[in-house]
Amino acid sequence: MSLSAILTTGLSGLRASQTAMGVVSQNIANVNTPGYVRAEVKYTPLVIPGGNGGVQVESVTRAADQF
């Protein structure tokens, strides 16, 4: 595995974490807002043939109850 592949894998993790921190920040900022529903981040592995690819954000979903 080359150095650039390792750095790219690390960068994908940092970008996914940055997205998650933004979602958490919004959840904290709106905790007392009436009607606000918190959001959750779902990760998936990023697969590249012949090696690891890191992680990516699959979706940001609302954690609302059906009822």
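The values are calculated or read from the model by the stated rules, or taken from the named source; none is laboratory data. Quick caveat: nothing in here was measured; it's all calculated off a predicted structure. As a convention, Cβ positions derive from the backbone with ideal geometry for all residues, glycine included, and neighbour counts pool all protein chains shown. Calculation scope for accessible area: heavy atoms of the full protein, side chains included, ligands and nucleic acids excluded. Shrake-Rupley method; radii C 1.70, N 1.55, O 1.52, S 1.80 Å.
For this structure, a couple of remarks:
- Normalised contact order of the chain, rounded percent, pairs of Cα under 8 Å and 6 or more residues apart: 35
- Heavy atoms of the protein chains alone define the surface here; on that basis the chain has 78 Å² accessible area per residue at 1.4 Å probe size.
- The residues Ile28, Ile48, sorted by heavy-atom accessible surface at 1.4 Å with ligands and nucleic acids left out, run Ile28, Ile48 from largest to smallest.
- To the nearest ten degrees, helix 3-29 and the longest principal axis of the Cα atoms of the chain are 0 degrees apart.
- Among Leu11, Leu3, the order of accessible area from largest down is Leu3, Leu11, computed with a 1.4 Å probe on protein heavy atoms.
- Only one item in [x] 13.6; [y] 12.5; [z] 11.8 matches Kirkwood radius over Cα pairs in Å derived from the coordinates shown, and that item is [x].
- Computed helical MRE - 222 nm, the chain, DSSP H runs ≥ 4 contributing -39500 (n - 2.57), nearest 500: -14500 deg cm²/dmol
- Within a Gaussian network of the chain (alpha carbon springs, distance under 10 Å), most fluctuating of Ala39, Ala20, Ala29: Ala29
- Accessible area (Å², 1.4 Å probe, nearest 10) - Ser17: 60
- Residue order by solvent-accessible surface for Tyr36, Tyr43 is Tyr43, Tyr36, largest first, with ligands and nucleic acids left out and a 1.4 Å probe.
- Among the trypsin sites (Lys or Arg not before Pro) within the chain, not one is in coil by DSSP while having at most 10 neighbouring Cβ atoms inside 10 Å.
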